[in-house]
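What follows is one structure encoded as structure tokens, with my remarks underneath.
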Amino acid sequence: MSQPVHLSARLRDVRGSAIRDLLALTAREDVISLAGGLPGTDLLPRERIATATASALADAAVVQYGETAGLRRLRAVVAAHETERVGRAIAPDDVVITSGSQQALDLVARATLDPGDTVVVEDPVYVGALQVFQAAGAALRPVPVDAAGMDLDVLAELLAAGLRPRLVHTVSSFHNPRGVTLAAPRRARLAALADRYGFLVVEDDPYGLIAFDGPPPVPVAAHGERVVRLGSASKVLAPALRVGWLTGPPVLAAAVERLKQCTDLCGSTLTQAVAADLLADTPWFEAHLHGLRTALGRRAVALAAALHDAFGAALTCSTPAGGMFCWVEFTDGTRPADLLPHALRHGVGFVPGSAFAVGRPVDHAARLCFASSPEPMLRTAVHRLATAWREQRALRRNVEGCGRSSNCWSATPSSPTTPSRP
């Protein structure tokens, strides 16, 4: 090719996903991955999906093009679910079905943002949101996340000082990556701030139904109408269905539908029919959710206990009340980005916290996904991680000692050729 291919200026501002880059490494059979946000394959209802697929194929229309906004039956099912969640009527016409909730987020950004518009994001941030808003040319303003979710005091101070965001994005329930949930008073306050200052809240809620104890958190959208809710079947049914959705103000739903025509004309009518069948089968779906919540709750407990036993006071670990992620912070000076190569050599992967940073350094933190593996495998993963941590600490001490001594001739341990075993 004699001439270079010209790429848009927007692309230069889009940071690659460290998580997606890690997936190639953690796909090795000898590596237990705590990196990607993947639901456990053993928990996906493959037999029920197969039955629903066979039933759907009895209708010739499911192999034809469909409406851009999605299969009408699925939109009605989602509207009914959302009506129950938010406590007010959601019409099927206000639902747009998308190829996963990531496409919904991208379409919302394209429908509402001009280059230079301000978007408030959580810090640490969901990487997929970061990429979408960077591609839109948005000016990002990070707001820290603590144990009760987005710090609304910080946001209120920014707004009082003159900040006027177009969007405020939040993973409100069982946050990715922090694993925390936006407290109920903060949810009401966020909706009130949206009404007062005129911004839209993008409530990204793929994990909300996976609450381990008690009912799912009441959505931010229950407190106000300036909220766009994003949902997904990926975490509760199967990622391969590629079924997501958004609900929000009718004018936004119409704009998103128009933009979606530019993207893919329509989604898969077949997988939407399957999703509609499963979501509409209330007794089956409730039983499936109960099993999913129980299994993931046990996995979260197993991971947290193994981390406590292996690392003691050298590491703190969040206590997930739902979702898929555990957030750990090292207290002994360990930098997970430096630990990761050692961990991969020992057969375990994770995501360093620096991958999620926006305004604050989180070099001492990491995100671990407990959803993908059963308890015994999680314990094995922690054993491997602890072995790599001890190796890296010894190397660090040797290097520090070499800095004080002229007699040190080597500080590099030999690398294992196979993962260590418990």
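Details
- If you go through the range 320-354 and keep only what is β-branched (Val, Ile, Thr) and without any contact (Cβ under 8 Å) to a residue 40 or more places away in the chain, you end up with just THR331.
- Selection of the range 152-174 for residues being under 24 Å from THR112 (Cα atoms), assigned to a loop (DSSP other than H, G, I, E, B) and either of a type outside the set (Gly, Ala, Ser) or free of Cβ contacts under 8 Å to residues at least 24 places away in the same chain (or both) yields ALA161, GLY162, LEU163, ARG164, PRO165, ARG166, VAL171.
- Scanning the range 322-354 for residues that are part of a loop (DSSP other than H, G, I, E, B) and either within 15 Å of the chain's Cα centre (by Cα) or in the same structural domain as GLY179 (by TED's automatic domain parsing) (or both) yields GLY323, MET324, PHE350.
- Any hit, the range 355-364, residues being assigned by TED's automatic domain parsing to the domain that holds GLY322, under 21 Å from ARG299 (Cα atoms) and in contact (Cβ under 8 Å) with a residue 60 or more places away in the chain: no
- The residues listed here are HIS288, HIS308; of these, the one that is modelled with pLDDT of 95 or more, in a helix (DSSP H, G or I) and under 18 Å from ARG390 (Cα atoms) is HIS308.
- Members of the range 194-211 found to be closer than 29 Å to MET324 by Cα and in contact with a helix residue (DSSP H, G or I) (Cβ under 7 Å, 6 or more places away or on another chain), listed by number: LEU200, VAL201, VAL202, GLU203, ASP204, PRO206, LEU209, ILE210, ALA211
- Filter pass, ILE49 being touching a residue at least 60 places away in the same chain (Cβ under 8 Å), outside any helix (DSSP H, G or I) and within 27 Å of the chain's Cα centre (by Cα): no
- Here the range 219-241 is the region considered, the condition is being in contact (Cβ under 8 Å) with a residue 40 or more places away in the chain and surrounded by fewer than 20 Cβ atoms within 10 Å (Cβ to Cβ), and the residue that is farthest from THR112 (Cα to Cα) is PRO239.
- Residue satisfying condition, being under 30 Å from ARG72 (Cβ atoms), assigned by TED's automatic domain parsing to the domain that holds GLU225, modelled with pLDDT of 95 or more and of a type in the set (Phe, Trp, Tyr), within set TYR126, TYR207, TYR197: TYR207
- Where a residue in the range 268-290 is surrounded by fewer than 19 Cβ atoms within 10 Å (Cβ to Cβ) and its partner, wherever it lies, is charged (D, E, K, R), with Cβ under 7 Å and at least six apart: TRP284/ARG48
- Filter result (loosely packed, with under 15 Cβ neighbours inside 10 Å and on the phi > 0 side of the Ramachandran plot) within the range 299-332: GLY312
- The range 72-149 holds strands (runs of 3 or more DSSP E) entirely within its bounds, and those carrying 2 or more residues that are charged (D, E, K, R) and buried (at least 19 other Cβ atoms within 10 Å of the Cβ) map to 118-123.
- Restricting attention to the range 140-182, the residues being of a type in the set (A, V, I, L, M) and in contact with a Gly (Cβ under 6 Å, 6 or more places away or on another chain) number 2.
- Unique match (being at pLDDT 65 or above, closer than 15 Å to LEU340 by Cβ and of a type outside the set (D, E, K, R)) among ALA381, ALA371: ALA381
The values are calculated or read from the model by the stated rules, or taken from the named source; none is laboratory data. Predicted model, so just to flag it, every value in this text is computed and none were measured. Backbone-built Cβ (ideal geometry, glycine too); neighbour counts: all protein chains shown.
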